[in-house]
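Novice: One structure is given below, represented as structure tokens, and several questions about it will come after.
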Amino acid sequence: MPKAKIVHVAHNPFDTCLSCYTRLFERRQLRSYDLVELGRYYNNYSRITDHWRDVLPEGAFHNVQYEALIDDFTSETRRLIEYCGLDWDASCLEFHKSNRRVRTASVQQVRQPLYTSSKEKWRYYEKQLSLLVETITVGQVFEPKVYGVILSMEWKDAMWDKLFTHPSSLWAPSRPRRYHSVL
């Protein structure tokens, strides 16, 4: 589809992964139940998203930052509708009143107005998510700031060494794990 318009909604990676980690998915998404595997999966998703953003023609890829959507819902929604080439309809701001069928893990959330309680939710579990944070930030070693997590050069150097020497580094093959929740 050469003229397709792609809408990509990005969310803080740690909030995204926390949401996946705390859901019991119907279709064997085992990577969601292991923090390291989940971090690796997120890093791969991030890399492939960057690839498509780089290779697709200008204007083919529209990024919506979830946190910006929460902070200024009306403006972000208008930008999205404009990008899609659609006429504005005020009912877009009342999505929760729709009677359409919803088949997603967030079915209850779709039926209520937009809320902010999921923004930075991962911070409540920061200590328990340390393996996830480490895995995602190691995968982003070239970026000095990852969604509010400031990395010191010493920490980054240590992670760089670990990246290539530690047996559980991002490039090491995944090994079977027990799936359990630490939260």
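Novice: Considering only residues that are among the aliphatic types (A, V, I, L, M) and either modelled with pLDDT of 80 or more or over 17 Å from the mean Cα position of the chain (by Cα) (or both), which ones fall in segment 91-118?
Specialist: If the condition is that a residue be among the aliphatic types (A, V, I, L, M) and either modelled with pLDDT of 80 or more or over 17 Å from the mean Cα position of the chain (by Cα) (or both), then 93, 102, 107, 110, 114 are the ones that fit.
Novice: When segment 85-129 is examined, which residues are found to be of a type in the set (S, T, N, Q) and in a loop (DSSP other than H, G, I, E, B)?
Specialist: Correct list: 98, 99, 104, 106, 112, 116, 117, 118, 128.
Novice: While we're on this one: I'd like to check something: does segment 12-23 contain any residue that is more than 11 Å from the chain's Cα centre (by Cα) and either of a type in the set (Ser, Thr, Tyr) or surrounded by fewer than 12 Cβ atoms within 10 Å (Cβ to Cβ) (or both)?
Specialist: Yes: segment 12-23 contains one or more residues that are more than 11 Å from the chain's Cα centre (by Cα) and either of a type in the set (Ser, Thr, Tyr) or surrounded by fewer than 12 Cβ atoms within 10 Å (Cβ to Cβ) (or both).
Novice: Do you know which of the residues in segment 25-62 that are over 22 Å from residue 135 (Cα atoms) and among the aliphatic types (A, V, I, L, M) is surrounded by the fewest Cβ atoms within 10 Å (Cβ to Cβ)?
Specialist: The extreme case among them is 55.
Novice: Could you list, in sequence order, the residues of segment 91-138 that are without any contact (Cβ under 8 Å) to a residue 40 or more places away in the chain, small (Gly, Ala, Ser) and within 20 Å of residue 17 (Cβ to Cβ)?
Specialist: Result: 106, 117, 130.
Novice: Within segment 72-90, is there a residue that is within 18 Å of the chain's Cα centre (by Cα) and surrounded by fewer than 13 Cβ atoms within 10 Å (Cβ to Cβ)?
Specialist: No, because not a single residue in segment 72-90 is within 18 Å of the chain's Cα centre (by Cα) and surrounded by fewer than 13 Cβ atoms within 10 Å (Cβ to Cβ).
Novice: Let me ask something else. If you go through segment 17-71 one residue at a time, how many are part of a helix (DSSP H, G or I), touching a residue at least 40 places away in the same chain (Cβ under 8 Å) and of a type in the set (Asp, Glu)?
Specialist: Of the residues in segment 17-71, 2 are part of a helix (DSSP H, G or I), touching a residue at least 40 places away in the same chain (Cβ under 8 Å) and of a type in the set (Asp, Glu).
Novice: Can you tell me which residue in segment 119-144 is surrounded by the fewest Cβ atoms within 10 Å (Cβ to Cβ), limited to those that are modelled with pLDDT under 80 and either within 16 Å of the chain's Cα centre (by Cα) or among the β-branched types (Val, Ile, Thr) (or both)?
Specialist: 141
The values are calculated or read from the model by the stated rules, or taken from the named source; none is laboratory data. Treat the numbers as computed from the prediction; the structure is a model and nothing was measured. Quick reminder, even Gly has a Cβ in these numbers, built from the backbone with ideal geometry, and neighbours come from all protein chains shown.
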